[in-house]
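Step one of this worksheet: look at the structure below.
The values are calculated or read from the model by the stated rules, or taken from the named source; none is laboratory data. Source: prediction; values computed, not measured. Here the Cβ is made from the backbone with ideal geometry for all residues, glycine too, and neighbour counts use every protein chain on show. All accessible areas refer to the heavy atoms of the entire protein, side chains included, with ligands and DNA or RNA removed. Shrake-Rupley method; radii C 1.70, N 1.55, O 1.52, S 1.80 Å.
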Amino acid sequence: MFGGSSATESASLYGLRPYDARRPPPAGSLVFYEAAGPADGAWHDWGHVGLALGDGRVVHAWDVVRIDPAEQLGALEPAPGWTPPRLAGWAPAGALLAGHRRRDWTDG
């Protein structure tokens, strides 16, 4: 898989599609959010990401692994100093492998 060093960087590489609640992304897609805060001594939009279940909900880790409606993550209490997650869009599962490299695991 390829991607950036944060959810936000990966989202831009995968070519986000707009989120439409009337037609939620298919199961297995990644749903991306903007979420900024301090980490590793820097303030940055590190982002947040969840895995679409295909019915408008996402599996994601927010203090604990949980399932929430994709459009309601903005109501979650952010960590101190962080912004609440804001829905940015989604990317199909196939986009995650577009830049992968095949490795022959038999060569040690």
Exercise. What fraction of the Cα pairs in the stretch 21-63, stated in percent, has a spacing above 13 angstrom?
Worked result: 58 percent
Exercise. If contacts are Cα pairs under 8 angstrom and at least 6 residues apart, what is the relative contact order of the chain in percent?
Worked result: 33 percent
Exercise. Within the P(r) computed for the chain, what percentage of the Cα pairs occupies the region above 19 Å?
Worked result: 46 percent
For this session: Please calculate how many Å² of accessible area the chain carries per residue, with a 1.4 Å probe and no DNA, RNA or ligand atoms counted.
Result: 63 Å²
Exercise. For the chain, what % of the accessible area comes from carbon and sulfur atoms, probe 1.4 Å?
Worked result: 55 percent
Problem set entry | Helical mean residue ellipticity (222 nm; -39500 (n - 2.57) per DSSP H run of 4+; nearest 500) of the chain | -2500 deg cm²/dmol
Exercise. Can you pull the Rg over Rh of the stretch 1-46, Cα-only, Kirkwood?
Worked result: 1.04
Problem set entry | Accessible area (Å², 1.4 Å probe, nearest 10) - E71 | 120 Å²
Exercise. Sorted by packing (mean other beta-carbon atoms within 10 Å per residue), highest first, where do 48-54, 64-70, 3-9, 82-88 land?
Worked result: 48-54, 82-88, 3-9, 64-70
Problem set entry | Choice from D63, D40, D55 showing the highest fluctuation, given a GNM over the chain with Cα pairs closer than 10 Å | D40
